[in-house]
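The values are calculated or read from the model by the stated rules, or taken from the named source; none is laboratory data. Computed from a prediction, not measured in an experiment: that's the story for all the values here. So basically every Cβ, Gly included, is an ideal-geometry build from the backbone, and we count neighbours across all protein chains shown.
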Amino acid sequence: MNPNYNPVSGKILPVFLHYAVPSVIGILAATSAGVIDGIFVGNYVGATALAAINISLPVFALFAGVVFMLAVGGSVMCGKYMGEKNPSAASAIFSKTLYASLAMAVLLSTGCLLFLDQVVLLLGANAELQPLVHIYLMIILFAAPLLILGLTLDYFVRIDGRPLLASFALLAFAVINIGLDWLFIVHWHWGLNGAAWATAIAEGLIFFILLGHFFSDQCSLRLVRVRDGWNDLLKAAWNGFSEFANEMSIGLLTLLFNWVMIKRLGVEGVAAFTIIGYLLFIGLELCYGISESLQPLVSKNLGARQPQRIVAFAVTALVSALFIGLCACVLFVFFPQTLIAMFLREGEDKTVEIALAFISVFWPAFIFNGMNITMASYFTALHKPVQSTVIALSRSLVLPALGLILLPIWFGDMGVYIAIPIAEALTFLFALLLLFIYRPVTIVQQLVEDRTRYT
C-alpha cells in the first residue's frame, strides 16, 4: 500500500479522496446503469413495466440486506484486525463471511423461486402487473447468488487496499448493463425481459472481476478452512445489522408505498413513485459511496486507537454528503420536468402530473438523507450496531411508516409525498445527539481498558 494513502498514517483529505472518489465513481456507474435501465423501460416498454420493476424492489432489498449485514459487519471487523496487525484473524473473518454469503444466497434465491407466485401476490401486484413481475423476478433470482458474492467481495477488496479495482468492477457492470439494455430492449424488442437479462448478466460480471484480486500478489487476505470460532461471524453480523435493517426497511417502505399509491392513485401512481425512486436512488447511492469509503478508514483507525483521525474522517464524510444532497436539491427544484421526462414516453400525462406533485415537496429529503446514511455507517465502523440500527430504522421505516399512516389524514395525497422528508429531518436531529454522546475518544479509551483488563 502506498504510505501516502495509509488510513492510519496518511494525510486525512488525500486518504479520504483515495477511498471516496473511486467508491463514488463506481457506485455512480452502477446507479446510472439502473437508472438508464429505467429510462429504456419507460421509453420503449411503458409506465406499466416501470411499475412492475418497482413492485419487485422489496425482493432486491431482502437480498441486499442479508449480504450487507454479513459483508459490512465482516469487513469492518476485518479492518479492525488489520489495524491491529492480525492477518490470520482478518483472513478468518473474510472466509467465514464469504461462506455464509454463499449459503444465504442459495437459500434465499431457491426459496423465492419455489414460492414465486406467492411472492408476487405478497408484493401487491394487481392482475395487470402480476405476469410482468413474475417473469422479471424469475430471471433476476437465478443470477442473485453471483450478485451477492460479488457485492461481498467488493467490501473486502476495498478493505484490502484496492478501492480502484472495486470501483472498476462496478463501472464494468454499468457499461455491460447499458449495452445489453440497448441490444435486448431497443434492438431485439425483448421488453421487460430484456431489462431483466441485461441486469442478471452484468451482475455476474462483478463477481468474476473481483475474484481475481484474491489470486494476486497484492491480496493480504486468504480463503482458509474454518472449523470453529463462528461466534465471530455472529458478532460481525450483529454489527452489520443496521445495514440489514436499512435495506429491509427500504423494501418494506417501498412495499407500503406501493400499496398506498396503487390504492389511492392506481398503476400511474406506482409508476410516478418509481420515477421518484430512481431519482432518489442516484442521490442515496452517491452517499452510500461516501459511507462505504468511510468504513475502512474508521475501522482501521479504531484498531490503531487513533480517535482524532476517526473524527477527522467522519467530519470530511459528513461535509461531502451534505454537498451531494444540496446538488440534488438544486436539480429537483429547478429541473423537475426534465428529470421526469427522461423516464416516460409521450402520452403518460397522468403519471407526469403525479410525479411533479411528488417531487415539488420531496426535495428537502436530500438535505438530510446523505448525512443520516453516513452517520449510520460511521457507528457501524465503530462497532456500535445499536446506534447504527436506530438511525437506519428511524429514517427508512419507523418514521416514514408513521408518516404514511398519519399525514394523509390531515394533508390528503400531499401527506404521502412529505412523509419521507419529515422522517429524514427528525432522524438527523436524533443522529446528531447520538454523535455527541458516543465520541470516538471515549470508545477508544473503553477498548484500551477492556484489553488491559483481559491481559
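Condition check ((1) closer than 24 Å to Ile373 by Cα; (2) touching a Gly at 6+ places or on another chain (Cβ under 8 Å)) across all residues:
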{"residue": "Ser32", "(1), (2)": "yes, no"}
{"residue": "Val35", "(1), (2)": "yes, no"}
{"residue": "Asn43", "(1), (2)": "no, no"}
{"residue": "Ala51", "(1), (2)": "no, no"}
{"residue": "Ser56", "(1), (2)": "yes, no"}
{"residue": "Ala61", "(1), (2)": "yes, yes"}
{"residue": "Leu116", "(1), (2)": "no, no"}
{"residue": "Pro131", "(1), (2)": "no, no"}
Hey, can you tell me all the residues within the range 159-176 that are of a type outside the set (A, V, I, L, M, F, W, C), part of a helix (DSSP H, G or I) and either surrounded by fewer than 24 Cβ atoms within 10 Å (Cβ to Cβ) or modelled with pLDDT of 85 or more (or both)? none
Of the residues Ile27, Ile53, which is over 16 Å from the mean Cα position of the chain (by Cα) and of a type in the set (Val, Ile, Thr)? Ile53
Qualifying residue in the range 374-392 (condition: in contact with a Cys (Cβ under 8 Å, 6 or more places away or on another chain) and modelled with pLDDT of 90 or more): yes
All helices (runs of 4 or more DSSP H) inside the range 248-355 with 3 or more residues being of a type in the set (Asp, Glu) and in contact (Cβ under 8 Å) with a residue 60 or more places away in the chain: 266-303
Condition check for Gly65: buried (at least 24 other Cβ atoms within 10 Å of the Cβ), part of a helix (DSSP H, G or I) and small (Gly, Ala, Ser): no
Restricting to the range 418-449, and then to whatever is of a type in the set (Phe, Trp, Tyr) and assigned to a helix (DSSP H, G or I), can you tell me which residue is nearest to Ser360 (Cα to Cα)? Phe428
Being under 30 Å from Tyr378 (Cβ atoms), charged (D, E, K, R), at pLDDT below 85 and over 23 Å from the mean Cα position of the chain (by Cα) narrows it down to one residue among Asp217, Asp228, Asp232; which is it? Asp232
If Leu397 satisfies every condition in (1) among the aliphatic types (A, V, I, L, M); (2) touching a Ser or Thr at 6+ places or on another chain (Cβ under 9 Å); (3) modelled with pLDDT of 85 or more but one, which is the exception? (3)
Which of the residues spanning the range 383-392 are among the aliphatic types (A, V, I, L, M) and surrounded by fewer than 24 Cβ atoms within 10 Å (Cβ to Cβ)? Val386, Val390
Take the residues in the range 171-220 that are of a type in the set (Phe, Trp, Tyr) and in contact with a helix residue (DSSP H, G or I) (Cβ under 7 Å, 6 or more places away or on another chain); name whichever of them is farthest from Gly79 (Cα to Cα). Trp188
Apart from one, (1) surrounded by 19 or more Cβ atoms within 10 Å (Cβ to Cβ); (2) not in a loop (DSSP other than H, G, I, E, B) all hold for Leu221; the odd one out is (2)
For the range 44-52, check the following and say yes or no: at least one residue is in a helix (DSSP H, G or I), farther than 30 Å from Asp228 by Cβ and in contact with a Phe, Trp or Tyr (Cβ under 8 Å, 6 or more places away or on another chain). yes
Could you list, in sequence order, all residues of the range 408-417 that are buried (at least 17 other Cβ atoms within 10 Å of the Cβ) and over 14 Å from Phe362 (Cα atoms)? Pro408
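Going residue by residue through the range 193-206, is there one that turns out to be under 30 Å from Tyr378 (Cβ atoms) and surrounded by fewer than 18 Cβ atoms within 10 Å (Cβ to Cβ)?
Checked against the condition, which is being under 30 Å from Tyr378 (Cβ atoms) and surrounded by fewer than 18 Cβ atoms within 10 Å (Cβ to Cβ), the range 193-206 yields no hits at all.
The rows are residues; the columns are (1) in contact with an Asp or Glu (Cβ under 8 Å, 6 or more places away or on another chain); (2) surrounded by fewer than 19 Cβ atoms within 10 Å (Cβ to Cβ).
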{"residue": "Val8", "(1), (2)": "no, yes"}
{"residue": "Val21", "(1), (2)": "no, yes"}
{"residue": "Val24", "(1), (2)": "no, no"}
{"residue": "Ile27", "(1), (2)": "yes, no"}
{"residue": "Gly83", "(1), (2)": "no, no"}
{"residue": "Ala100", "(1), (2)": "no, no"}
Residue within the range 264-273 that is surrounded by 23 or more Cβ atoms within 10 Å (Cβ to Cβ), among the small types (Gly, Ala, Ser) and closer than 20 Å to Gly150 by Cβ present: no
Test set (1) touching a Lys or Arg at 6+ places or on another chain (Cβ under 9 Å); (2) modelled with pLDDT of 75 or more - Leu265 fails condition number: (2)
